[in-house]
Amino acid sequence: MESRFVRYQATTPNGRGSYPGIFALANGLANGGSLSSEDWASWRCANDHYDAAYVDPSTVDESIYDRAINPSAQSWFKSTATHLLVGLEFYTDLLRRYAIEWQVLYSNDPGILLYEDGVQIVVAPH
């Protein structure tokens, strides 16, 4: 049986004990000045594409990623969002080239549902 949800995230926790997702990892490289100018331009283009492709849950519910309210909130793609999942190859390649380790998780029940739309969910992990 195919899992309903998929998440790309860091293999090791950050200082807060959470596992940043693939966009947070790539954004960290970009915002930290680690990317070459060519990679930065490609990252910006990819992020612009994803920003336009689906809703940022925090624009619907400002508290969704609030660390005081939902300190462990995680975003998961629905496995049916293949048009979004296929584009993640850019991010996985970028992270690989900059030696950032990541993993893919699959689940039918990743946590307590905080938000859902047609392509994603946000959960408080079990």
| said: So if I take the alpha carbon set of the range 5-125, get Rg, then get Rh from the Kirkwood formula, what is the Rg over Rh ratio? | reply: 0.94
| said: If I model the range 46-98 as equal point scatterers sitting on the Cα atoms and use the Debye formula, what is log10 I(q)/I(0) at q = 0.28 Å⁻¹? | reply: -1.10
| query | Which is farthest toward the positive dipole end of the range 5-125 among Ala10, Ala26, Asn70, measuring Cα position about the Cα centre, with Cβ charges +1 (Lys, Arg) and -1 (Asp, Glu)? | reply | Ala10
| Which FRET efficiency value, to the nearest 0.05, is calculated for Ala53 and Thr92 with the Förster distance at 22 angstrom and r the Cβ-Cβ distance? | 0.80
| Residue farthest toward the positive end of the dipole of the chain, with Cβ of Lys/Arg at +1 and Asp/Glu at -1: which of Thr80, Val119, Leu105? | Leu105
| said: Which three extents, in angstrom, do the Cα atoms of the range 1-76 have along their principal axes, listed largest first? | reply: 36, 33, 30
| For the range 64-126, which GluC sites (Glu not before Pro) are in a loop by DSSP, counting at most 14 other Cβ atoms within 10 Å? | Glu101
| Between Asn14 and Ser37, what length comes free when the chain is fully extended (0.36 nm per residue of separation minus the Cα-Cα distance, one decimal in nm)? | 5.7 nm
| Zone residues, the range 58-91, relative to Asn108, backbone N less than 15 Å from point 7 Å out along Cα-to-Cβ | 79
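Between Cys45 and Thr80, 0.36 nm times their residue separation minus their Cα-Cα distance comes to what?
Once the chain is fully extended between Cys45 and Thr80, it gains 10.2 nm.
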| field | Net charge contributed by nearby residues that have their C-beta within less than 13 Å of Ile69 (K/R +1, D/E -1) | value | -2
| Using +1 on the beta carbon of Lys and Arg, -1 on that of Asp and Glu, and nothing else charged, what's the dipole of the chain about the Cα centre, debye to 20? | 340 debye
| Whole-Å distance, taken between Cα centres, linking the range 1-53 and the range 72-126 | 10 Å
| query | Which one of Gly21, Gly33, Gly111 has the biggest mean-square fluctuation once the chain is modelled by GNM with Cα springs under 10 Å? | reply | Gly33
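The numbers here are math on the coordinates, done by the rules we state, and not lab data. These numbers were taken from a predicted model, which means no experiment stands behind them. In this analysis, Cβ positions are derived from the backbone assuming ideal geometry, glycine residues included, and neighbour counts consider all displayed protein chains.
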